[in-house]
Amino acid sequence: MTLKSLIFDVDGTLADTEEAHRMAFNDAFQAAELGWSWGVALYKDLLAVTGGKKRIRFFLETTNDPALSRPDLDELISNLHASKTEFFINRLKNGQVPLRPGIEQLILSAREQKMPISIATTTTPINVETLIRVNLGDDALNWFEAIGDGGKVPELKPEPDVYNWVLEKINLKPEETLALEDSKNGVVAARGANIPVLVVTNDYTIGQDFTGALDVLETYDGLTLEDLKASHAKA
């Protein structure tokens with residue numbers, strides 16, 4: 001079936017955001033004087049859990065941290081996540097999180113060919129909006145037919161909710177679209193919505209199980225819209 005639309009993940013796909021997220025978490029922990037620090041290896045493991053609040057709770061549970069017994073635990077986690085988001089947004093605004101090489105050209109090529117593009121992510125709306133505005137300009141949010149994020153659906157990836165939400169908004173069949181992802185959870189979510197998916201790995205996701213993906217690549221640099229159409233034709 002002809003490819004009619006692209007659906008982009010955000011974290012790890014549009015940009016290599018995970019290191020900036022990790023540092024922002026640590027900034028929030030330090031600001032709260034908690035003494036926690038997430039190293040690269042640990043954060044790779046924590047990325048198996050989608051959603052920042054759930055990731056913090058999972059960390060506490062797996063380390064049996066004393067904070068688990070705090071009566072204000074839910075409030076603590078919520079405040080930490082809000083603080084982390086603020087630190088992350090500051091990094092975006094300071095230009096510390098550019099788009100991955102090749103991504104802007106793919107977006108522009110899709111626009112030139114009048115192919116609708118959308119977003120399906122688990123991150124918060126302000127993260128998506130700031131990343132796009134900083135790297136593509138204030139008007140770029142209007143380029144996307146639909147922007148599905150972590151605030152619009154009840155369940156995050158690997159559940160397919162956000163992809164199903166996007167499909168409903170763009171009024172296309174799953175097989176008429178192609179998801180661009182970087183992680184196992186993303187592949188499971190896209191395939192759960194019956195959407196063909198192409199994976200381009202990054203340092204945090206390389207080596208994961210991408211069963212179900214059409215192709216697994218290492219970079220978007222040099223990748224063309226025609227390449228995506230050829231990959232989609234394998235579905």
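Couple of notes before you dig in:
- Positions within the stretch 34-91 being among the polar types (S, T, N, Q), in a loop (DSSP other than H, G, I, E, B) and within 14 Å of residue 123 (Cβ to Cβ), in sequence order: 50
- Considered as a group, the residues in the stretch 63-92 that are surrounded by 13 or more Cβ atoms within 10 Å (Cβ to Cβ) and charged (D, E, K, R) include one that is nearest to residue 6 (Cα to Cα), and that residue is 91.
- Test: residue in the stretch 97-117 that is closer than 24 Å to residue 183 by Cβ, at pLDDT 95 or above and of a type in the set (D, E, K, R): yes
- Hey, residue 157 among the basic types (Lys, Arg), in contact (Cβ under 8 Å) with a residue 40 or more places away in the chain and either closer than 27 Å to residue 210 by Cα or not assigned by TED's automatic domain parsing to the domain that holds residue 53 (or both) or not: yes
- Condition check for residue 195: in contact (Cβ under 8 Å) with a residue 12 or more places away in the chain, within 16 Å of residue 11 (Cβ to Cβ), in the same structural domain as residue 175 (by TED's automatic domain parsing) and assigned to a loop (DSSP other than H, G, I, E, B): no
- Cβ-Cβ under 7 Å pairs, at least 6 apart or on other chains, the stretch 164-175 side surrounded by 14 or more Cβ atoms within 10 Å (Cβ to Cβ), far side modelled with pLDDT under 95: 165/152; 165/153; 175/1; 175/235
The values are calculated or read from the model by the stated rules, or taken from the named source; none is laboratory data. Remember, it's a predicted structure, so these values are computed and weren't measured experimentally. Cβ atoms come from the backbone with ideal geometry, glycine included; neighbour counts cover every protein chain shown.
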